[in-house]
Amino acid sequence: MKNSIKKVVYIKSKGGQVASASVLAQKIGPYGLSPKKIGEDFAKKTKKNWDGIIVTIKLTIIKKNAYLKIVPSVSSLLKREMQLYGKPSVLTFKQLIKISKKVQTKSYSKSFKGVVKEVLGTCCSMGILIDRFKAKSFLRKIENDEIAIPKSI
C-alpha cells in the first residue's frame, strides 16, 4: 500500500548528459530506484532537443516505476530556440509568440499579452534582441499598442 503512492521529484541538469549519480541518489534513492538508470534515461530523453541546455525534468514515481517529463523554463526555451536557428541573442517576433504559447499554461497571467510580457522580461535579463530591438523597447511598443498581440490563442 505504501509503494502505490505517487511521488513527484524535480531534477535540474544539463540536457544530453548523464545527471550526477550522487545528486540523483539523494533525491530518488529513498524510493528504491537506480540513480544510474534514471540518469541514463534523462540523458537519452534530452539528447536530441535539449543538448547542452539546463532543463528541469519532472520525475513521477509510481510503484517503483519512474516516468520522465521535460518541464522547460522560459530561459531554456529561449536558449533552445536560439540554438536551433543559430542566431545568438536574436529572436523574431514569430519565435517570441511561439515560446509564449508554450509557456501560457504555466503562467498566472490573465491575458496572452501578459504572457508575452513575461517572456520579454526574461529576454531582457538574458540580453536577447527581438527583431533587432532591445527587449525593453519592444515591451514599450507593446504597451503603447504599436505592436499588436493576439488576444487569445
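The values are calculated or read from the model by the stated rules, or taken from the named source; none is laboratory data. Values in this document were obtained by computation on a predicted structure and should not be read as measured data. Because the Cβ atoms are built from the backbone with ideal geometry, glycine has one as well, and the counts that use them run over all protein chains shown. These area figures cover heavy atoms from the full protein model, side chains too; ligands, DNA and RNA do not enter into them. Shrake-Rupley method; radii C 1.70, N 1.55, O 1.52, S 1.80 Å.
On the stretch given as segment 1-42, residues that are in contact with a strand residue (DSSP E or B) (Cβ under 9 Å, 6 or more places away or on another chain), under 27 Å from residue 74 (Cα atoms) and not in a loop (DSSP other than H, G, I, E, B) total 16.
Looking only at segment 138-153, filter to residues that are part of a loop (DSSP other than H, G, I, E, B) and not charged (D, E, K, R); which one of those is farthest from residue 75 (Cα to Cα)? Talk me through it step by step, then tell me what you get.
Looking only at segment 138-153, we keep the residues that are part of a loop (DSSP other than H, G, I, E, B), and these are 144-153.
From what's left, not charged (D, E, K, R): 144, 147-150, 152-153.
Working: 144: 26, 147: 23, 148: 24, 149: 21, 150: 22, 152: 23, 153: 21 Å.
So the residue we want is 144.
For segment 87-137, give me the residue count where each residue is part of a loop (DSSP other than H, G, I, E, B) and either on the phi < 0 side of the Ramachandran plot or open to solvent by 80 Å² or more (accessible area, probe 1.4 Å) (or both). Full working, then the answer.
Of segment 87-137, the ones part of a loop (DSSP other than H, G, I, E, B) are 87-89, 92, 104-111, 127-128, 131-132.
Narrowing further to those that are either on the phi < 0 side of the Ramachandran plot or open to solvent by 80 Å² or more (accessible area, probe 1.4 Å) (or both): 87-88, 92, 104-111, 128, 132.
Total satisfying the criteria: 13.
Residue 76 falls short on exactly one of the conditions (1) open to solvent by less than 80 Å² (accessible area, probe 1.4 Å); (2) out of contact with any helix residue (DSSP H, G or I) (no Cβ under 8 Å at 6 or more places or on another chain); (3) assigned to a loop (DSSP other than H, G, I, E, B), and that condition is (3).
Which residues, counting only those in segment 89-144, are among the polar types (S, T, N, Q) and more than 20 Å from residue 71 (Cα to Cα)? Walk me through it before giving the result.
Quick first cut of segment 89-144, residues among the polar types (S, T, N, Q) only: 89, 92, 95, 100, 104-105, 107, 109, 111, 122, 125, 137, 144.
89, 92, 111, 125, 137, 144 - these are the residues of segment 89-144 that are among the polar types (S, T, N, Q) and more than 20 Å from residue 71 (Cα to Cα).
As for segment 30-53, it holds no residue that is in contact (Cβ under 8 Å) with a residue 40 or more places away in the chain and surrounded by 15 or more Cβ atoms within 10 Å (Cβ to Cβ).
Among the residues here, residue 7 qualifies as open to solvent by 60 Å² or more (accessible area, probe 1.4 Å) and in contact with a Leu (Cβ under 9 Å, 6 or more places away or on another chain). You will find that of 21, 66, 25, the residue that is open to solvent by 50 Å² or more (accessible area, probe 1.4 Å) and either in contact with a Gly (Cβ under 6 Å, 6 or more places away or on another chain) or among the hydrophobic types (A, V, I, L, M, F, W, C) (or both) is 21 and no other.
Screening residue 151 with (1) surrounded by fewer than 14 Cβ atoms within 10 Å (Cβ to Cβ); (2) touching a strand residue (DSSP E or B) at 6+ places or on another chain (Cβ under 6 Å) gives one miss only, at (2).
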